[in-house]
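Read the structure below first, then the notes.
The values are calculated or read from the model by the stated rules, or taken from the named source; none is laboratory data. Treat the numbers as computed from the prediction; the structure is a model and nothing was measured. All Cβ positions, glycine included, derive from the backbone under ideal geometry; neighbour counts span all protein chains shown. Accessible surface areas use protein heavy atoms only, side chains included; no ligands, DNA or RNA. Shrake-Rupley method; radii C 1.70, N 1.55, O 1.52, S 1.80 Å.
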Amino acid sequence: MKKKLLIFLTALIPGISSLQAQINHWTHFTIDCPLPGAGWGTSGPGLGDFDQDGDLDVAITRRTVNAVYWYEYFNDSTWIPHILSLVTEDVVTALGCAVLDVDHDGDPDFVNNKVWFENPGDLRENPDHLWPYHPYGGGGHDIVAADINGDGWSDIVADNGKSWYDTSDSLRPHKIYDDLDFHGAIAPHGFGDIDGDQDLDLVVPGYWLENPGSENGVWLRHPWPHLGVENASYGTSMRVWVIDLDRDGDPDIVYSDCDTGWSHVYWVENKGQGKNWLRHALPDPPVAAGDVPGTGSFHSLGVADFDQDGDWDIFAGEQEDADVYMVKDGKVAMKPEGLKERGVIWENQGSTDTLDFEPIVIHIGNPGWHDVMLGDVDGDGDIDLVSKVWHADTPVYHADFWRNDHK
C-alpha cells in the first residue's frame, strides 16, 4: 500500500508543480489604491505610451471627481499620477474609452464619453501639462479604435458600434445602425475582416456588420450564433475579440458574457467568410475549495499568446461588483453570493487542427477585474494586463498591473 501511495504521489507532484508554476507566472502590482474620489464608476483603463518613453502608461476617469488622470509608468511597482484634464461631470460618468492618434500628430490621445483629450506632446519634459479636450458626438458603454475607411488611420467607433467618427475628416460621424440595443457590444476588439474583402467589419451580439466599403453605404447584417445568459442582469451584453484563433486564414469570434452573473466564455469558428459558424464553449474555471459554485461577470476579455508558445490563449476576468438589486426584477445577480472573483487564462493546449483550452486560474478574490487592457507594459516582449474596478466589493477602489513572467 505504501509503495502504491509513493508511486501515486510521485506521479502527482510534477502535475502540481507545473500548475503552480503556471499560476506564478503572473505578478500583481498596484497602480493606485485607493483611486481618487469615492464610490463607484471608473472609466478606462486607457493604455498607451503617452510620454513616448518606450513603456505604456494608463489613463482613467473617476465618476465622483471632475478630473481625468494618467499614471506614468516608472517601474513595475511605481506609477506616478498626473491630472490629465479637468472636466465637467457629464464627461466622467462614462465607461468606454479608447487610445488612438485622433489628430494624426504622432502621439496617442485619449477618447472618452463625448470628448477626446489631446496629448500635448511634451509629457516627457512636462508630465503635468494639462491636455486640451474637444467635444465630439460619441460615447457610451463601448468605444474602440479601428481603421474603418482603410486610410491608414484609426477612427473612433462609439455607442456600442452605432456610429463611427472619421479622424481624417474632423471626426465627421457616420451611422452604422440605430435600431439595435445592447448593454455592451464591441469592446475591446470587436472588429476584423470577417468576409475577406480587405476592410474591417464589426461584431455585435448576434450579428456581424459588413463594412460597405464606402462612407455612405449600408452596413448589412449577417447572423452568427451568439448565446447569451437568460434573464441577464443588465440585458444583452458581451465582451468580444475578433481574431483568427484557429489560424485557418479567416477571423473567428471570441466572446464572453458580461454585466451578468453566470457568464461563460466561447469561441465561434468562422467556417468561411462569415457565412457559416460553429460555436464552442470553453470550460468554466474550476471552483476552489471553500468557494461557491458558478461564475460572475466576465467583463474583462483578451486574446494573446501569453505563454509565448506560438498559439493564442484567452484571458477573462470576473468583475468585482456587489450589485444584487436586479434580482427583485427576476434577473440574475452580477455574481453568485459569496463568489470570489477569478482571473483566468484558458491556455491553448491543442494543435492548429484541434484547439483545446485549459482554464488556469491566476488569481482568486480581490482585486477583481473590469475592462482589462492588454499590452507589453514594461517593454520586455510579452503581453501584460492592466485593470481597474468599476463597482468594488469593498469601499476600496483600485487600478492594477499584472506583469507577465513567462520566460
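Return the residue satisfying two criteria in turn: it lies in segment 269-310 and is acidic (Asp, Glu) and either in a strand (DSSP E or B) or in contact (Cβ under 8 Å) with a residue 60 or more places away in the chain (or both), and of such residues it is most open to solvent (accessible area, probe 1.4 Å).
Step one: of segment 269-310, the residues acidic (Asp, Glu) are 269, 284, 291, 305, 307, 309.
The next check asks that each one be either in a strand (DSSP E or B) or in contact (Cβ under 8 Å) with a residue 60 or more places away in the chain (or both); those that pass are 269, 284, 291, 305, 307.
On the way: GLU269: 32, ASP284: 67, ASP291: 27, ASP305: 37, ASP307: 33 Å².
Residue satisfying both the conditions and the ranking: ASP284.
Enumerate the pairs (first residue in segment 208-224 and touching a residue at least 24 places away in the same chain (Cβ under 8 Å); second residue anywhere and among the polar types (S, T, N, Q)) with beta-carbon separation below 7 Å, excluding pairs fewer than 6 apart on the same chain, so at least 6 apart or on different chains.
That search, which allows pairs on different chains as well, returns GLU215/ASN149; TRP219/ASN211.
Quick one: in segment 122-158, of everything that is of a type in the set (D, E, K, R) and buried (at least 23 other Cβ atoms within 10 Å of the Cβ), which residue is farthest from the chain's Cα centre (by Cα)?
Going through segment 122-158, the residues of a type in the set (D, E, K, R) turn out to be 122, 124-125, 128, 142, 147, 151, 155.
Adding the requirement that they be buried (at least 23 other Cβ atoms within 10 Å of the Cβ) leaves 142, 155.
Values: ASP142: 10, ASP155: 18 Å.
Among those residues, the one meeting the criterion is ASP155.
Does segment 311-327 hold any residues that are more than 15 Å from PRO359 (Cβ to Cβ), crowded, with 24+ Cβ neighbours inside 10 Å and of a type outside the set (D, E, K, R), and which are they?
Passing the criteria: only GLN319.
Could you tell me which residue of segment 58-70 is nearest to HIS141 (Cα to Cα), considering only residues that are surrounded by fewer than 23 Cβ atoms within 10 Å (Cβ to Cβ) and hydroxyl-bearing (Ser, Thr, Tyr)? Show your work before the answer.
As a first pass, look at segment 58-70 and keep what is surrounded by fewer than 23 Cβ atoms within 10 Å (Cβ to Cβ): 62-67, 69.
Retained after the next criterion (residues that are hydroxyl-bearing (Ser, Thr, Tyr)): 64, 69.
Values: THR64: 18, TYR69: 19 Å.
Here the answer is THR64.
Would you mind telling me which numbered condition in (1) buried (at least 16 other Cβ atoms within 10 Å of the Cβ); (2) part of a strand (DSSP E or B) PHE74 fails?
Of the numbered conditions (1) buried (at least 16 other Cβ atoms within 10 Å of the Cβ); (2) part of a strand (DSSP E or B), the odd one out for PHE74 is (1).
Can you tell me which of ILE156, ILE176, ILE143, ILE194 is touching a Pro at 6+ places or on another chain (Cβ under 9 Å) and in contact (Cβ under 8 Å) with a residue 40 or more places away in the chain?
Numbers: ILE156 fails: touching a Pro at 6+ places or on another chain (Cβ under 9 Å); ILE176 fails: touching a Pro at 6+ places or on another chain (Cβ under 9 Å); ILE143 fails: touching a Pro at 6+ places or on another chain (Cβ under 9 Å).
Just a single option satisfies the conditions, and that option is ILE194.
Restricting segment 338-349 to residues that are over 18 Å from ASP257 (Cα atoms) and touching a residue at least 12 places away in the same chain (Cβ under 8 Å), which is least open to solvent (accessible area, probe 1.4 Å)? Give the steps one after another, and end with the answer.
In the first step, residues of segment 338-349 are kept if they are over 18 Å from ASP257 (Cα atoms); the result is 338, 347-349.
Now restrict to residues that are touching a residue at least 12 places away in the same chain (Cβ under 8 Å): 338, 347-348.
Values: GLY338: 54, GLU347: 34, ASN348: 6 Å².
For segment 338-349, the residue satisfying everything is ASN348.
Conditions (1) of a type in the set (Lys, Arg); (2) part of a strand (DSSP E or B); (3) out of contact with any helix residue (DSSP H, G or I) (no Cβ under 7 Å at 6 or more places or on another chain); (4) within 24 Å of PRO173 (Cβ to Cβ), marked per residue:
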{"position": "ASP197", "(1), (2), (3), (4)": "no, no, yes, yes"}
{"position": "GLY213", "(1), (2), (3), (4)": "no, no, yes, yes"}
{"position": "ASN216", "(1), (2), (3), (4)": "no, no, yes, yes"}
{"position": "ARG221", "(1), (2), (3), (4)": "yes, yes, yes, yes"}
{"position": "HIS226", "(1), (2), (3), (4)": "no, no, yes, no"}
{"position": "ASN231", "(1), (2), (3), (4)": "no, no, yes, no"}
{"position": "TYR234", "(1), (2), (3), (4)": "no, no, yes, no"}
{"position": "VAL242", "(1), (2), (3), (4)": "no, yes, yes, yes"}
{"position": "ARG247", "(1), (2), (3), (4)": "yes, no, yes, no"}
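Does any residue of segment 26-43 turn out to be at pLDDT below 90, open to solvent by 40 Å² or more (accessible area, probe 1.4 Å) and either part of a strand (DSSP E or B) or in contact with a His (Cβ under 8 Å, 6 or more places away or on another chain) (or both)?
Yes; the residues of segment 26-43 include at least one that is at pLDDT below 90, open to solvent by 40 Å² or more (accessible area, probe 1.4 Å) and either part of a strand (DSSP E or B) or in contact with a His (Cβ under 8 Å, 6 or more places away or on another chain) (or both).
State all residues of segment 260-301 that are under 27 Å from GLU320 (Cα atoms) and aliphatic (A, V, I, L, M); if no residue qualifies, say none.
Within segment 260-301, the subset under 27 Å from GLU320 (Cα atoms) is 260-268, 280-301.
Scanning segment 260-301 gives VAL265, VAL268, ALA281, LEU282, VAL287, ALA288, ALA289, VAL292, LEU301.
In segment 350-374, which residue that is more than 24 Å from ALA392 (Cα to Cα) and among the charged types (D, E, K, R) is surrounded by the most Cβ atoms within 10 Å (Cβ to Cβ)?
GLU358
Given the condition surrounded by fewer than 19 Cβ atoms within 10 Å (Cβ to Cβ) and under 17 Å from PHE315 (Cβ atoms), answer yes or no: does some residue in segment 241-250 qualify? Reasoning before the result, please.
Here is the first cut: in segment 241-250, the residues surrounded by fewer than 19 Cβ atoms within 10 Å (Cβ to Cβ) are 243-244, 247-250.
Adding the requirement that they be under 17 Å from PHE315 (Cβ atoms) leaves 243.
There is at least one residue in segment 241-250 that is surrounded by fewer than 19 Cβ atoms within 10 Å (Cβ to Cβ) and under 17 Å from PHE315 (Cβ atoms).
Would you check if VAL377 is assigned to a loop (DSSP other than H, G, I, E, B), in contact with a Leu (Cβ under 8 Å, 6 or more places away or on another chain), at pLDDT 95 or above and surrounded by 24 or more Cβ atoms within 10 Å (Cβ to Cβ)? Break it down stepwise before answering.
Numbers: assigned to a loop (DSSP other than H, G, I, E, B): yes; in contact with a Leu (Cβ under 8 Å, 6 or more places away or on another chain): yes; at pLDDT 95 or above: yes; surrounded by 24 or more Cβ atoms within 10 Å (Cβ to Cβ): yes.
Yes.
Give segment 182-216 a look and list any residue that's at pLDDT below 95 and among the charged types (D, E, K, R), or say none.
The answer is GLU215, and nothing else.
Within segment 87-104, is even one residue open to solvent by less than 50 Å² (accessible area, probe 1.4 Å), farther than 28 Å from VAL240 by Cα and modelled with pLDDT under 95?
yes
Of the residues in segment 144-195, how many are in contact with a strand residue (DSSP E or B) (Cβ under 9 Å, 6 or more places away or on another chain) and not in a loop (DSSP other than H, G, I, E, B)? Give the derivation first.
The first filter runs over segment 144-195 and keeps only residues in contact with a strand residue (DSSP E or B) (Cβ under 9 Å, 6 or more places away or on another chain), leaving 144-149, 151, 153-158, 160-168, 171-178, 180, 182-195.
Filter again for not in a loop (DSSP other than H, G, I, E, B), leaving 144-146, 155-158, 160-161, 163-166, 172-175, 184, 188-189, 191-192.
Here the count works out to 22.
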